[in-house]
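Below: the structure, in structure tokens.
The values are calculated or read from the model by the stated rules, or taken from the named source; none is laboratory data. In this text the structure is predicted, and so the values were computed from the model without any measurement. Cβ: placed from backbone, ideal geometry, glycine included. Neighbour counts: every protein chain shown. We work out accessible area using only protein heavy atoms, side chains counted, and drop any ligands, DNA or RNA first. Shrake-Rupley method; radii C 1.70, N 1.55, O 1.52, S 1.80 Å.
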Amino acid sequence: MEYQRLFDTFLDTMSEKGAIPYAIPYIIRLCDKLRVRKLMIKRYESRRHEIAGRSEDIMLYDSGKPCGEPKEYRHSAMTVTIANYFAYPGEGEEPWDETETERIDRLVAMLYIFNSRAKMLDMVIRAASYDDDGYYTLKYFLEYLNLKLVEGDIRGKYTFAYINLKHFSMVNQLIGRPMGTFVMKRYINEVTAIAGDTALAARIGGDNFVLMIENGCVNPVMNALSGLNIIYDVNTGEKIQISATAGMYRLTEDSTDNVDSIMDKLTAASHVARTSGKSDNVYFSESISISKERLALIQQLFPTALEKEEYLVYYQPKVSLRDGTLYGAEALCRWYHDGDIIPPLDFIPVLEHSMDICKLDFYMLDHVCRDIRRWLNEGRKVVRVSVNLSRKHMMDMDLLTRIIDIVDRNDVPHQYIEIELTETTTDVEFRDLKRVVSGLQAAGIYTSVDDFGIGYSSLNLIKEIPWDVIKVDRSFLPSDIEDEDSSRRAIMFKYVVAMAHEMGLECIAEGVETEQQVQVLRDNSCELAQGFYFDKPLPVKDFEQKLK
Ligand code: C2E
Ligand code: MG
Ligand code: MG
């Protein structure tokens, strides 16, 4: 083939494939024609690496013949790494003539251009598919999954897992957030590697991931989810154990699932895995799904139910262990419908699909305020009552005034009200949370961080936001089942209580069920408790008996 045609074919191949390896056969033939005996690239990540001589060497062609002094080309640009190209003539051969020199210059220039283009393309794809921490985004995952479903080669071959790291806020606190980020990355990378060559993991947000597992690798993955030791200090070999809960779903051969239905099933299973406390791995089954019909029904019934005041406030006492007195209460919602009492976990997640949950929360606050006002009028002893607010409120710029309006409208002194909020997952939410909590504090309304320790947030959450109360999640208390986790939980519990006290915060343990757990609280100077051991959430009439 004459030179020009060969060169054009090389250009076409590079334009089409976009990467040098595809064009190697042409590069070899071009070099041969141009009497270039060796062609190599020395690539540097940065100027600093160049000065230090830390190059990555890529040999594009080596004839094996002895070479003379190379002609050197240096390229550098903002968007790409520095690349030095070396074209070697044969030893003792005639120097390149003018045409040859021109052609070699052009060949190298084209290689450089294509290389930069490949790098930029890579950057664009990365920017669109990866988040700031280098994980695939959910968007990418869904697109990929959709493609695979359309291509039709994954049914019967894969199992999906919605993974939630356990106690990650604790991990962040123990080793600091940057190290926590590092450890999370290692853990996810390891789990993904175990999940098979074709596994794919993406981050949903915070410490939540979705993972596509080859069926043959499910058991090893389950093992890894139940706990892996991750080294976080390479110098000392210091390790930390990371584990996770997972909602699982196996895509069968005959499945008619699409991307949405797979994600819905995973989300539902993950919710059960996270909250049931029975098992860390839960496979999806029809019984745990909120069917579309049920979702629609609950949403449809909501306005009328609210108007008819079918939602009832139950009060769960909070107790001081020092003297066994009633210290406060948490207001928990129950739905009285058609003669049934429906627990909140059956309808609150549904209402959280829309802004209905906000209406319900304000309704609850209003009813609590009415009760407190009545107790005050009746001359009863009154305790502080906490009300749960969904995270859905965080976007509401008028949230503060709305809360204060409701409290003031009922003429309730602010110190009787506490607002419970849960940990955040993103930095944007963090800012909103800080604004809201600071505002409530300025108004003299108490705030607490609910279910503390099961989310993703770090010490920052406690340090930078002026909370009054930490409610330690019940998963930190020892359970009947003695397992490897028990001693770890005990250490964490002790640490959290000590930290809360150190920072002048009230600390209350949730879900206290046994005498043994009460003892653990006493041993760690945690003086406040809430749980079935003392009382279940009570209807208002029963709770009033306690106020005597
Ligand atoms: P939460 O705010 O963490 O409330 C504590 C939950 O733990 C309550 O469940 C309570 O009944 C339960 N609990 C208390 N002591 C024990 C115990 O010793 N052992 C066990 N296993 N559980 C105990 P409940 O009432 O079913 O509420 C569940 C969740 O629903 C609440 O968790 C809260 O997140 C949400 N919720 C309830 N009412 C409202 C509300 O008015 N608004 C909003 N946004 N969420 C609410
Ligand atoms: Mg709560
Ligand atoms: Mg709680």
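For the reader, a short list of remarks on this structure follows.
- 23 Å Cα-Cα threshold exceeded, pairs from LYS308/LYS548; LYS166/LYS239; LYS185/LYS494: LYS308/LYS548; LYS185/LYS494
- Taking 15 Å as the straight-line reach from the Cα of LYS157, the aspartates and glutamates in range (excluding those fewer than 8 positions away in the same chain) are ASP197, GLU214, GLU253, ASP254, ASP257.
- Environment charge of LYS463, counting only residues whose C-beta is closer than 12 Å and scoring Lys/Arg +1, Asp/Glu -1: 0
- Relative contact order of the chain, defined on C-alpha pairs under 8 angstrom at six or more residues apart (%): 10 percent
- Fully extending the segment from GLN300 to ALA193 would add 34.0 nm, taking 0.36 nm per residue of separation and subtracting the current Cα-Cα distance.
- Cross-link partners for LYS434 among the lysines, with Cα-Cα distance under 17 Å and sequence neighbours closer than 8 places in the same chain left out: LYS392, LYS463.
- For the chain, hydrophobic long helices are taken as DSSP H runs at least 27 Å long by C-alpha position along their axis with mean Kyte-Doolittle hydropathy of 0.0 or more; these are 98-129.
- DSSP-defined antiparallel bridges as percent of all bridges, the chain, nearest 5: 70 percent
- Region 136-288, accessible area per residue, ligands and nucleic acids excluded (1.4 Å, Å²): 44 Å²
- Extension gain for SER46-LYS381 works out to 113.6 nm (0.36 nm per residue, less the C-alpha to C-alpha distance).
- The chain - percent of accessible surface contributed by carbon and sulfur, probe 1.4 Å: 51 percent
- Alpha-carbon centroid distance for the pair region 159-186 / region 309-387, whole angstrom: 33 Å
- Amide H to amide H distances under 5 Å link GLY90 with ARG37, GLY68, where only residues 5 or more positions off or on other chains count and H is placed in the peptide plane.
- When all alpha carbon pairs of region 12-109 are counted in 5 Å bins from zero, the resulting P(r) reads 3, 12, 21, 23, 20, 13, 7, 1 %.
- Cα-based shape type of region 326-465, given that a ≥ b ≥ c are square roots of the gyration tensor eigenvalues and the cut on a/c is 1.5: oblate
- Taking region 2-129 as the region of interest, the number of lysine pairs whose Cα atoms are within less than 27 Å, with members eight or more places apart or on different chains, is 14.
- In straight-distance terms, cross-link reach from LYS546 covers every one of the lysines whose alpha-carbon lies under 21 Å from its own, apart from those fewer than eight places away in the same chain; here that gives LYS318, LYS381, LYS536.
- Gyration tensor verdict on region 212-349 (Cα atoms; rounded if a/c is under 1.5, prolate if a/b is larger than b/c, oblate otherwise): oblate
- Compared with the alpha-carbon gap, the fully stretched path from THR137 to ASP97 is longer by 9.1 nm at 0.36 nm per residue.
- Isotropic mean projected area of the C-alpha convex hull, the chain (nm²): 33.5 nm²
- Inverting the pair-averaged 1/r between distinct Cα atoms of region 136-288 gives 15.8 Å as its Kirkwood hydrodynamic radius.
- Take every DSSP beta bridge whose two residues both sit in region 136-288; close to 85 percent of them are antiparallel.
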